[in-house]
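Step one of this worksheet: look at the structure below.
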Amino acid sequence: SYYLIFFFLMIRRPPRSTQSRSSAASDVYKRQLVRSVNNYADKYEKANSTCFKREMFLPRSFRLYDYKECKAFFQILDSEEYANLKKQKTVVYIRKISKAHRGEGVRLVDEAEEQSLRTQYNNGKKCGKIRMNQLVQRYIDNPLLVEGHKFDFRIYLFIASTDPLIVYYHDGFLRVSLPLYDPNSKDLAAHLTNTYLSKKFFAEQEQQGKSTEELRDFQMWNFTRFHNYLVDSGKVNDTNWLDNYLRPVSYTHLTLPTIYSVQISVVAVSLKKKKSNNK
């Protein structure tokens with residue numbers, strides 16, 4: 001067995017009054033990430049598969065508004081490999097619908113959702129014709145858990161300068177889902193770590209006598225608590241694992257992808273302005 005740890009860059013949200021713009025921006029960041037990984041993989045993966053494998057950085061992802069990636073996804077749905085996977089797993093893919101936040105745009109691609117996608121895209125025949133921003137990603141059903149719960153990292157990274165390179169790093173925290181993880185669960189809160197999805201769970205647990213403070217304390221872990229859990233449970237033997245591994249991996253693996261993503265944004269804005277000025 002193996003454990004997967006994913007690192008997420010925390011991008012500070014605007015105030016709630018600008019929430020619609022925030023969700024749109026968040027959607028752009030997700031699409032840029034998928035585009036960057038897929039473009040890089042298409043360029044280098046075939047040339048040197050031992051040097052780069054896209055699944056090492058991001059589960060296989062498809063932008064359904066992109067004709068090529070959309071076609072590739074529906075070819076997978078019709079494959080024998082996918083049919084065999086469905087016999088073993090309840091969910092093989094997960095879908096993210098654009099311009100949504102708080103987990104509202106996320107759908108587990110179970111049998112019903114798969115049929116909905118097949119109908120919407122006419123089994124791939126409408127690829128390239130539907131411009132709705134949707135991402136589909138391979139679902140990881142065997143993640144590393146903390147006390148039986150899914151979690152993600154919220155790590156802060158501030159790049160003050162790229163020449164010279166000046167980067168400020170902060171540990172951030174772990175965001176833990178409150179319901180126990182079950183790959184067969186229909187409860188989205190068991191699959192996602194969005195704090196908003198926990199509102200119903202909070203209400204139910206408070207009726208059973210648990211306080212909001214207790215629930216919040218479990219939902220937000222600092223790195224030291226996480227490290228102690230890994231050592232106590234025997235998953236990590238290095239008593240200085242935070243400084244020897246997690247922190248160095250966090251800032252080194254986040255810095256270059258972040259710079260690359262920002263460069264794409266800057267170039268896109270510059271080209272848009274140049275095009276507008278030439279009109």
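State, as an integer percentage, the relative contact order of region 92-194 based on alpha-carbon contacts under 8 Å between residues 6 or more apart. Once divided by the residue count of region 92-194, the mean separation gives 23 percent. Backbone phi angles across region 239-247, fed through the Karplus curve with coefficients 6.51, -1.76 and 1.60 (θ = phi - 60°), yield HN-Hα couplings of 6, 10, 4, 4, 7, 7, 9, 4, 5 Hz in residue order; Gly and Pro are listed as x. Amide H contacts for residue 236 (H built 1.01 Å from N in the peptide plane; partners 5 or more residues away or on another chain; cut-off under 5 Å): 231. Legend: Rg and Dmax of region 74-192, from Cα coordinates, 18.1, 53 Å.
Using 0.36 nm per residue, how much length does the chain from residue 132 to residue 165 gain when fully extended, once their Cα-Cα distance is taken away? Intermediate values should be presented prior to the final figure.
Values: separation 33, 0.36 × 33 = 11.88 nm, distance 3.74 nm.
Computed gain between residue 132 and residue 165 is 8.1 nm.
Bear in mind that the values in this text are calculations on the coordinates, not laboratory data. This is a predicted model, so every value here is computed, not measured.
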